[in-house]
Amino acid sequence: MQLDRASTEEQEAVAELNRESIDLMERVKEQDEEAFERLVELHQHAVIGTVAKMLSNTADAHDISQQVFIRVWKSAPRYQPTAKFTTWLFTITRNLVFNEMRRRKRRPETSLEETEEVHHVGSPDDPSRHPDAENLQSELEKAVDDAIQSLPEKQRIAVILRRYENLPYEDIAKVVDLSLPAVKSLLFRARGQLRKALTPYLDGEQ
């Protein structure tokens with residue numbers, strides 16, 4: 001019963017956030033800057049986190065996220081609440097992130113420093129590392145991030161939206177522009193790849 005109550009409360013919170021976001025967008029349509037600032041405040045953490053995990057680069061995440069909200073401002077006059085606000089927002093995020101990923105493929109420029117900026121984990125030979133619980137947890141988090149980075153882009157964003165943003169399958173399907181069965185299949189394959197990559201950690205090996 002406790003789990004059911006928690007689930008219901010979470011659903012109500014999501015519904016309330018969606019209502020508030022749609023109301024704010026109606027005001028943003030009228031170029032209400034205060035409403036726009038509130039909208040950014042509500043959603044910037046989720047957008048920045050998603051972009052950072054997609055690109056494995058904190059600096060680029062802030063730049064891309066700023067572009068996302070600029071797009072939101074410019075698109076406001078045409079906005080229609082036909083889906084959840086977050087679905088529309090993450091669709092914009094997906095488009096800009098995929099564009100950046102394609103640009104990177106043409107001009108690879110991510111440095112080791114930029115990658116470490118996200119993980120904050122030293123190399124295995126770093127003398128500052130100690131085999132305590134905190135460092136083992138950091139190492140596991142880095143392994144998870146690396147495994148997610150190895151996924152194809154649609155699998156990657158589907159996993160991130162499901163794992164970190166707890167989006168329903170139906171919303172993820174709209175964001176990645178796939179059918180619901182295709183998204184479930186996509187996530188099934190992605191989880192298989194992640195499980196294989198993380199086998200040493202799941203088996204308790206380092």
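Just so it is clear, none of the values below were taken in a lab; they were calculated from the coordinates. Note that the coordinates shown come from a computational prediction; the quantities given were computed from them, not determined experimentally. Please note: Cβ atoms are built from the backbone with ideal geometry, for glycine as well, and neighbour counts cover all protein chains shown.
Values as computed for the structure displayed
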| read-out | value |
| --- | --- |
| Quotient of Cα Rg and 2.2 N^0.38 Å for the range 31-85, N being how many residues it contains | 1.19 |
| Subset of Lys29/Lys105; Lys53/Lys184; Lys154/Lys196; Lys74/Lys142; Lys29/Lys184 violating a 29 Å alpha-carbon distance limit | Lys29/Lys105; Lys74/Lys142; Lys29/Lys184 |
| Distance (nanometres) between label positions extended 7 Å along Cα→Cβ at Glu37 and Arg102 | 3.6 |
| Contour excess over end-to-end distance, with Cα ends at Gln66 and Glu16 and 0.36 nm allotted per residue | 15.5 nm |
| Per-residue HN-Hα couplings for the range 187-197 [Karplus 6.51, -1.76, 1.60; θ = phi - 60°; Hz; x = Gly/Pro] | 5, 4, 5, 5, 5, x, 5, 5, 4, 5, 5 |
| For the range 6-64, with +1 on Lys and Arg beta carbons and -1 on Asp and Glu, the positive-most of His43, Ile64, Leu17 along the dipole | Ile64 |
